[in-house]
1. Provide the per-residue ³J(HN,Hα) series for segment 167-178, in order, calculated from phi with Karplus coefficients 6.51, -1.76, 1.60 and θ = phi - 60°, each as a whole number of Hz, with x at glycine and proline positions.
2. Just want to confirm a number: the relative contact order over the chain, from Cα pairs under 8 angstrom separated by 6+ residues, in percent.
3. What is the order of Trp161, Trp26, fewest Cβ neighbours within 10 Å to most?
4. Express in nm, to one decimal, how much length is gained between Ala37 and Glu65 on full extension, taking 0.36 nm for each residue of separation and deducting their alpha carbon distance.
5. So for Val158, Val168, fewest C-beta neighbours within 10 Å to most, what's the order?
6. ³J(HN,Hα) across segment 73-84 via Karplus (A = 6.51, B = -1.76, C = 1.60, θ = phi - 60°), whole Hz, x for Gly/Pro?
7. Neighbour counts of other C-beta atoms within 10 Å: give me Asp83, Asp23 arranged from fewest to most.
8. Give me the net charge for the shell around Leu103: Cβ to Cβ below 14 angstrom, other residues only, Lys and Arg +1, Asp and Glu -1.
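Bear in mind these aren't lab numbers, they're just calculated from the coordinates by the rules spelled out. Nothing here was measured: the structure is a model prediction, and the numbers come from that model. Don't worry about glycine lacking a Cβ; one is built from the backbone with ideal geometry, like all the others, and counts go over all protein chains shown.
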Amino acid sequence: MEAVTGTDRRAAFRDAALQLWADAGWAAVTVPAACGATGYTEADFLAEYDSAEELLTDVFDEGTEERAALVLTAMAGAGSMMDRLRRALGALADHFAADPRQLATAIEAVGCPPLRARRRATNRGDGALISTESGAAHDPVLALAAGQFCIAGFHELVLAWLDPESPVAREHVVEGGARLLEAVVRAH
């Protein structure tokens, strides 16, 4: 029998937490629920995490870092702002399509102070990237606000696309999302 490493346990707890979060919200991620989903004991959990909130923030940070890397890689070498936007939104759409559970980490943090703080910081960073990419420098605060406004709209587009009852398709998320984002950023 192979020994289970801390890395394996942490990965199992993160995956279980992501599933619980996606199925029932972040509040469903408790130590007993994470242990029940993984088959590990509370002692195993406490060997890896101090609390369910620490596990949640680990899952949030992992998803955020992965999405940031995808966006930066997708935009590298792209020419126009629209090309960069299309590539970034396409990479994000593919990411969420591959694992729709990741949407929970991007959009649901209300009520959990550590998650809310991380989400706000992430959205500020994403908004700054959008305003920088748009070349809008005459009012950086308004450009940042436009970027943050667009982030919420993009998440709603992805939710609509992944909803089997919705007519929204991937091209609406990528092409339509890029056009809407450009219009909002340029309109500021």
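1. x, 5, 10, 4, 5, 5, 5, 7, 6, x, x, 5
2. 19
3. Numbers: Trp161 20, Trp26 23.
The fewest-first ordering by Cβ neighbours comes to Trp161, Trp26.
4. Stretched fully, the Ala37-Glu65 segment lengthens by 7.6 nm.
5. Arranged by neighbour count, lowest to highest, Val158, Val168 become Val168, Val158.
6. 5, 5, 7, 4, x, 6, x, 6, 4, 4, 5, 4
7. Asp23, Asp83
8. -4
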